[in-house]
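Below you'll find the structure, written out as structure tokens, and then a few comments.
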Amino acid sequence: MELSLRRLRMLRELHRRGTVTAAALALHYTTSAVSQQLTQLERDVGARLFERRGRRVQLTEAGVLLAEHAEEILQSVERATTALEQTRDGVTARLTAGVWASVASTLIPSALALLATEHPGIEVRTRELAPEETAGAVRDGSLDFSFVIEYSGYPMLWDPELTKVVIAVERLHAAVPPGTVPAGTIALADLAEHPWVLAGPNSHFGRAVSLACQRAGFEPKINHEVGEQATALAMVAAGLGVTLVSDLGLTLSSPGVEVVALTEPLVRTISIAHRGVASERPPLRLVIDAVRTAAAERGLAAQ
């Protein structure tokens, strides 16, 4: 009996997430592709692994047993990969990273330029995802590492299977149409009467800013719910409202946006998340060092 690692990974995600659709979404396959591969896995092992219950698929006893072994097998493969990388004279690897716009346009180019000079054998590929999705993609194995964010005053749940390494700390600033507020610094409460351009409540950024506004004594009046920071800043430049923007987000700013410091700073921390078993991978450590250097060059080094 030969077991496909790809099919075992699909089985593991089905066991974790409960539906073929959710497993397919996590692994970036179509639902039909995952269904076909899982059907083939049943043929490979010669046993029924699933039972249909209406529109849902439930693992049989044999399916659960194999899913539990799949977890061990996939972790063993990752440990073997790490061990082989440690025996090589030169450091070579291909890693896939989860990024979002402000990281992809700032830290990533600088870090990859440094790696290309000092460690040309390391290839980093990137996949742009919403910040809320990157950690999950690392956990399910579709990414080697990802950038994740946390906001001051907004604690977020953390997956104990993942390791988090802080690489940068940045402040949030008010972004307003020119002449909207006095020059210098302002309190968040001074923006209470203005319309807002802000991400929705399903995003970390939108929730963190809304909570900060509530602590300042008001509920932001969101006239334009926008996910992309560059779009939000363009709308601010057009005079449609105010928003908050991070240090890295300033690189996406449109002409005509005035950036004002907050009297009580809001801070967000950028970290790299990876599976715990990958901690000893030399290429990953070198990538983390390169990203830290890129952050330090921008004055965002984590203390």
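The values are calculated or read from the model by the stated rules, or taken from the named source; none is laboratory data. None of the values given here were measured: they were computed from a predicted structure. Virtual Cβ from ideal backbone geometry, glycine too; neighbours counted across all protein chains shown. To get the accessible areas, we keep the full protein, side chains included, count just its heavy atoms, and leave off ligands, DNA and RNA. Shrake-Rupley method; radii C 1.70, N 1.55, O 1.52, S 1.80 Å.
Its residue count N sets the reference 2.2 N^0.38 Å, and the alpha-carbon radius of gyration of region 170-268 equals 0.93 times that reference. Highest mean packing first, where packing is the average number of other Cβ atoms within 10 Å per residue, the peptides 267-274, 227-234 line up as 267-274, 227-234. Within the assembled protein chains, the solvent-accessible surface assigned to Leu84 is about 100 Å², based on a 1.4 Å probe. Between Glu123 and Arg16, the modelled label-to-label distance comes to 2.5 nm, taking each label 7 Å out from Cα in the direction of the beta carbon.
Between Ala101 and Leu211, the contour length at 0.36 nm per residue exceeds the Cα-Cα span by 37.3 nm. Distances between placed amide hydrogens fall under 5 Å for Arg275 paired with Thr163, all partners being 5 or more residues away or on another chain. Sequentially through region 144-159, phi angles give Karplus couplings (6.51, -1.76, 1.60; θ = phi - 60°) of 7, 7, 8, 8, 10, 10, 9, 10, 5, x, 9, x, 10, 5, 10, 6 Hz, Gly and Pro residues having no value and appearing as x. Projecting the Cα atoms of Leu95, Pro177, Met10 onto the dipole axis of the chain, where Lys and Arg carry +1 and Asp and Glu carry -1 at the beta carbon, places Met10 farthest toward the positive end. By definition, a body whose alpha carbon gyration tensor gives a ≥ b ≥ c is prolate when a/c is 1.5 or more and a/b is larger than b/c, and region 141-212 fits this prolate description. For region 206-220, 3J(HN,Hα) computed residue by residue from phi via the Karplus equation (6.51, -1.76, 1.60; θ = phi - 60°) reads x, 5, 5, 5, 4, 5, 5, 5, 4, 5, 7, x, 8, 9, x Hz, glycine and proline entered as x. Considering only DSSP states other than H, G, I, E and B, which GluC sites (Glu not before Pro) in region 1-87 qualify as loop sites with at most 13 other Cβ atoms within 10 Å? Taking region 1-87 and a limit of 13 other Cβ atoms within 10 Å, the loop GluC sites (Glu not before Pro) found are Glu2. Using C-alpha pairs below 8 Å separated by at least 6 residues, the relative contact order for the chain is 22 percent. Measuring with a 1.4 angstrom probe and ignoring ligands and nucleic acids, Thr126 comes out at about 70 Å² accessible. Spin-label pair Asp289-Thr92: with each label point 7 Å from Cα along the Cα-Cβ axis, the two points sit 2.0 nm from one another. Just the protein heavy atoms count here, and of the accessible area of the chain at 1.4 Å, carbon and sulfur take up 51 percent. Between Ser76 and Lys164, the distance separating the two model label sites (each 7 Å from Cα on the Cα→Cβ line) works out to 3.2 nm.
In a fully extended conformation the segment linking Thr251 and Ala302 would gain 16.4 nm over its present Cα-Cα distance, using 0.36 nm per residue.
If both residues of a DSSP beta bridge must be in region 170-268, then about 60% of such bridges are antiparallel.
Mean residue ellipticity, 222 nm, helices only, the chain: the sum of -39500 (n - 2.57) across DSSP H runs of n ≥ 4, divided by residue count and rounded to 500, is -13000 deg cm²/dmol. Annotation for region 134-158 versus region 20-61: alpha-carbon center distance of 26 Å. Calculated accessible area for region 74-164 comes out at 48 Å² per residue, all protein chains present (probe 1.4 Å; ligands, DNA, RNA ignored). Matching the structure-derived percent of Cα pairs over 35 Å apart against the labelled list [x] 32; [y] 39; [z] 45 gives the label [x]. Taking Lys and Arg as +1 and Asp and Glu as -1, the other residues whose beta-carbon sits under 15 Å from that of Leu191 total -3.
Across region 71-76, coupling constants 3J(HN,Hα) worked out from phi with the 6.51/-1.76/1.60 Karplus curve, θ = phi - 60°, read 4, 5, 5, 5, 5, 5 Hz, and Gly and Pro carry x.
Taking the Cα centre of the chain as reference, the dipole from Cβ charges on Lys and Arg (+1) and Asp and Glu (-1) amounts to some 700 debye.
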